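To start, I am sharing the structure in question, which I have written as structure tokens.
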Amino acid sequence: QSGATNNYAGYFNGSVGIGTSAPTSTLHINGSTAHSYITKTANYTLTVSDYGILCNNNSFTITLPTAVGISGREYFIINTDAAATITLATTSAQTINGVVPSTYNLTTQYSRICVFSDGANWLIKYQ
């Protein structure tokens, strides 16, 4: 429905289906999904509203928020600049895949990384 706003909130004890009446997972979506993305050109600390981050025009640092309390949160970062290095950093003493120091560099154009929180640190989902 054009121009309509539907906001739903609730607690479901079982499986939820979108576009299906017979969900086979906790959340079963029969259709496409969309994620937000932003473009950054300078140092930036990720927020709860971020998902996809396109990094362009400079070498700079993207800082992950604390992994504590956000288990399962996921971020996708891509370096779209041919001459830049994007550094992914953590807060405090948190790690990325258990590595200290806790930074990861995207050094080539279109290099990318997807990380998620385990509730204490960050893990690489894919790169």
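The values are calculated or read from the model by the stated rules, or taken from the named source; none is laboratory data. Only a predicted model underlies this, so the values are computations on that prediction, with no experimental measurement involved. Here the Cβ is made from the backbone with ideal geometry for all residues, glycine too, and neighbour counts use every protein chain on show. Keep in mind that these areas ignore ligands, DNA and RNA; they rest on the heavy atoms of the full protein, side chains included. Shrake-Rupley method; radii C 1.70, N 1.55, O 1.52, S 1.80 Å.
If a residue must be open to solvent by 20 Å² or more (accessible area, probe 1.4 Å) and either within 11 Å of the chain's Cα centre (by Cα) or within 16 Å of THR95 (Cβ to Cβ) (or both), how many such residues does the stretch 109-127 contain?
Going through the stretch 109-127 one residue at a time, the tally reaches 9.
Quick check on the stretch 99-117: of everything there that is in a loop (DSSP other than H, G, I, E, B) and in contact with a Ser or Thr (Cβ under 6 Å, 6 or more places away or on another chain), which residue is nearest to GLU74 (Cα to Cα)?
Let us first name the residues in the stretch 99-117 that are in a loop (DSSP other than H, G, I, E, B), namely 100-102, 107-111.
Checking which are in contact with a Ser or Thr (Cβ under 6 Å, 6 or more places away or on another chain) leaves us with 102, 107.
Values: SER102: 17, THR107: 21 Å.
Going through the qualifying residues, I end up with SER102.
Exactly one of (1) polar (S, T, N, Q); (2) at pLDDT 95 or above; (3) under 18 Å from LYS125 (Cα atoms) is unmet by SER102. Its number?
Result: SER102 fails condition (2) only.
Filter the stretch 81-94 down to residues that are assigned to a loop (DSSP other than H, G, I, E, B) and surrounded by 17 or more Cβ atoms within 10 Å (Cβ to Cβ), then give me how many there are. Spell out the reasoning first.
First, pick out the residues of the stretch 81-94 that are assigned to a loop (DSSP other than H, G, I, E, B): 81-85, 90-94.
Narrowing further to those that are surrounded by 17 or more Cβ atoms within 10 Å (Cβ to Cβ): 81, 84, 90, 94.
So the answer is 4.
Still on this structure, I have one more. Let me spell it out: the conditions are (1) hydroxyl-bearing (Ser, Thr, Tyr); (2) touching a residue at least 12 places away in the same chain (Cβ under 8 Å); (3) in contact with a His (Cβ under 7 Å, 6 or more places away or on another chain), and THR20 meets all of them except one. Which number is the exception?
Answer for THR20: the failing condition is (2).
Among the residues of the stretch 33-71, how many are open to solvent by 80 Å² or more (accessible area, probe 1.4 Å) and not hydroxyl-bearing (Ser, Thr, Tyr)?
Qualifying residue count, the stretch 33-71: 6.
Further question on the same structure: Go through the stretch 46-97 and give me each residue that's touching a Phe, Trp or Tyr at 6+ places or on another chain (Cβ under 8 Å) and among the acidic types (Asp, Glu).
Correct list: ASP50, GLU74.
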